[in-house]
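Working notes, beginning with the structure itself.
We did not get these values from a lab; they are worked out from the coordinates using the rules stated. What you see is a predicted model, and the numbers here were worked out from it, not measured in a lab. Here the Cβ positions follow ideal geometry from the backbone for every residue, glycine too, while neighbour counts run over all protein chains shown.
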Amino acid sequence: MTAIAREATVAVVGAGTMGRGIAQVAAMAGHPVRLHDNRPGAAEAACAEIAQALARLVGTRRMEAQARDAVLARLAPAESLEDLGHAALVVEAIVEDLEAKRSLFAELELLLDDEAIFATNTSSISVTAIAAGLRRPGRVVGMHFFNPAPLMRLVEVVAGLETDPAVVAAVEATARAWGKHPVRARSTPGFIVNRVARPFYGEALLLLEEGAADAATLDAVYRDCGGFRMGPLELTDLIGQDVNAAVTRSVFEAFHHDPRYRPSWLQRELVAAGRLGRKSGRGFYDYAEGAQRPAPAALPPGPPPRRVRIEGCLGYAEGLRGRIRAAGLALEEAEGPEGRIVLDGAVIRPSDGRTATERAAASGEPLLLVDLALDYAETKRLVFAAAGQAGPGALAAAAGLAAALGCEATAVEDSPGLVLLRTVAMLANEAADAVRLGVCSEAGVDEAMRLGVNYPLGPLAWARRIGLAAVVSVLDGLAAWYRDPRYRCSPWLRRAALTAHPDS
Ligand code: NAD
C-alpha cells in the first residue's frame, strides 16, 4: 500500500498542542492542509503559531524562506467541518473524550468521501470503541503522534478490531513519507509507549515510597547509570503529576486493576497537595526562583583499595573488570564458580534479584550488591546496597574502589534488584508481555521506546544485553520478596530465556 498522494488534502481537527504540530508536519510533507477547531479563532491562532515556528527554522537556517512560504501557502484554517469535504485523510486531535471523538467522526462520515481515512491521535481511548457505530468502521485507525509532533519521530499506527489492513498500511506509508518512524500496534490499553513506560515511573515511585533512596538520588541513578535523559521523578514533574497519574490510572483500570499498573499513593498525595510539578512551581522538586535542587546522596570517597581480586564471571557487570584493569590497581584475577569482587573488608557481587541480606545469610560474606549500569566503562556513578550483616566498613571499601575508578558511589537501601536493574527488568517484562499479547513486534517495542520516550536502549535489547536468564532471575527475586503478582514474569520472557543461546 502506498502513502496518500502528496496533492491529497489532509484535514486536522483540533488545533491544540498536537493538532497544530500534526498540521505542520503534514504541510511540510507537501500536502494541502485544512485545520479546524470548534473554538472560534483557535485554528487561525494555530496557523499563526506554525508560521512563527517556521520563521524560527528560517532564522536558524534550517529552512529556506521560499520553502517556508510554500508550506504556509498550503495551510489554511477551516471555518467548519463542511470545508473539509475533499480531504483524503483526517487526523483528529480534539479533546480526549470517547463521545466527542465518536460524534466528530459520525459527522465527518456524512461529509467526506467513503475512501477518506479517519485517523485518531488518541493516547488512551480504544480505537475499536471510537470506530464502533460508524457506517465504515474499517477506515478508522490510530495515528498516535508524540509531543512535540514536528520533532518526535515515532508514530504508533494503531489497528482496532475492525480496522481495514489496507488502511493501516496506507497510514504507515504516509507516516513514513512524512519523515516519521511508524510502529504498528494493536488497540490495547496504552498502546505501546504508554503501557511499556509504566514501570519506569512505577518502580521509582515504589522505591521512593519504601525509602530506598530520596528523589534526587533515584533520579541521578537513572541518569548517570542508566543513560536516561531525565530520571522518572523529575520527568513526572515535567509531565505534571496529575497527568502522569491519570495515564497510570487509565491503564490500571483498562487492565481490570492488574497490580502491574497499580497507581502510587505517594503520587496521589502530591496531586492532592497541588504539587503538580513544574507547572505549579513544586512537585518532587521546588521550582521557585533561586530554589536549589538537592544533591544526590554520595558516599565520601575513601582511599583506593590496596588490592582487588576478581573471581569468576561478573555477568552483566563484566564491564567493571575492564574499568578496574584500566585503573592500575593491584589486581588479581581468578576462576571461580560465581562472579565476585573481593576487597579488604567487602565482597561485591552483581545483583541477581535477591537482597544482599538474604545472600549474606547464606554466604557469611561482608556482602555488597552493585546495580546495573548501561555502560560500566563510562558510568560516573556506581550504586551499592549493603547486606544488613555487612557493617559500615564494607560500604567505605566500595566507595574507595569507586573513587579509584573515577566514579561517585551511592548507597541505597537493600531492595531486590536495586534501582536500575529492577526497573529495566520490569520494563523488559512489560515489553515482553506486549509482544506476547500481539500488541507489537519485538523490534517494534524497542523502536517505540527509543523514539517515543528517548530510552537509551529498547527494553528487550537491553534485557538481551543483560542476559534474559538474569532478567528472569531479578523478576523472580522481586516476586519472591514482595509476594506481589506485580512482579510475575511474562511467560514470553521466561520461554525466551530458556530457549536463548547461552552466548546470546
Ligand atoms: P489540547 O487541549 O491542546 O487541544 C485540543 C483542541 O481540540 C482544542 O483547541 C479544542 O478547542 C479542540 N476541540 C475540542 N473538541 C473539539 C471538537 N469537538 N471539534 C473540534 N475541535 C475540538 O489537546 P492536545 O494535547 O493537543 O490533545 C489532543 C489529542 O491528542 C487528545 O486525544 C490527546 O489525548 C492526544 N495526545 C496528546 C498528547 C500530548 O502530549 N498533549 C500526545 C499524544 C496524543
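Taking the Cα centre of segment 459-504 as origin and charging only Cβ (+1 Lys, Arg; -1 Asp, Glu), how large is the dipole, in debye to the nearest 20?
For this selection, approximately 120 debye.
Taking the Cα centre of segment 406-504 as the origin, how large is its charge dipole in debye, to the nearest 20, when only Lys and Arg (+1) and Asp and Glu (-1) carry charge on their Cβ atoms?
Taking the Cα centre of segment 406-504 as origin, the dipole is about 280 debye.
Run the helix sum for the chain: -39,500 (n - 2.57) per DSSP H stretch of 4+ residues, divided by residue count, reported at 222 nm to the nearest 500 deg cm²/dmol. If you can, show how the numbers build up before the last one.
Numbers: 20 runs with 215 residues, N = 504.
-13000 deg cm²/dmol, from helical runs alone.
What does the C-alpha gyration tensor say about the overall shape of segment 253-317? Classify as rounded when a/c is under 1.5, otherwise prolate if a/b is larger than b/c, or oblate.
oblate
From the C-alpha coordinates alone, can you work out the Kirkwood hydrodynamic radius of the chain, in Å?
For the chain, inverting the mean 1/r across all distinct Cα pairs yields 24.7 Å.
Charges only on Cβ, +1 for Lys and Arg, -1 for Asp and Glu: so what's the dipole of the chain about the Cα centre, in debye to the nearest 20?
Details: 54 positive and 60 negative charges, 137 e Å.
Dipole of the chain, to the nearest 20 debye: 660 debye.
Work out the FRET efficiency for residue 66 and residue 95 from their Cβ-Cβ distance, taking R0 = 35 Å, and round it to the nearest 0.05.
0.40
Please name whichever of 4, 123, 398 sits farthest to the positive end of the charge dipole of the chain, dipole taken about the Cα centre and charges placed at Cβ: Lys and Arg +1, Asp and Glu -1.
398
With helices defined as uninterrupted DSSP H runs, which ones in the chain have an alpha carbon span along their own long axis of at least 15 Å and mean Kyte-Doolittle hydropathy of at least 0.5?
For the chain, where a helix must reach 15 Å along its axis and average at least 0.5, the hits are 17-28, 42-59, 165-177, 392-404, 420-436, 468-482.
What FRET efficiency comes out for the pair residue 255/residue 39, r = Cβ-Cβ distance, R0 = 35 Å, nearest 0.05?
It comes out at approximately 0.55.
Label residue 6 and residue 484 with points 7 Å out from Cα along Cα→Cβ: what is the distance between them in nm?
Label-label distance for residue 6 and residue 484, simple model: 5.3 nm.
Along Cα→Cβ, 7 Å out, is where each label goes; now give me the distance between the ones at residue 454 and residue 135 in nm to one decimal.
So the label points at residue 454 and residue 135 sit 4.6 nm apart.
Could you list 441, 187, 103 in order of exposure, starting from the residue whose Cβ has the fewest other Cβ atoms within 10 Å? Present the calculation step by step, with values, prior to reporting the outcome.
Details: 441 15, 187 23, 103 12.
The most exposed by this proxy come first: 103, 441, 187.
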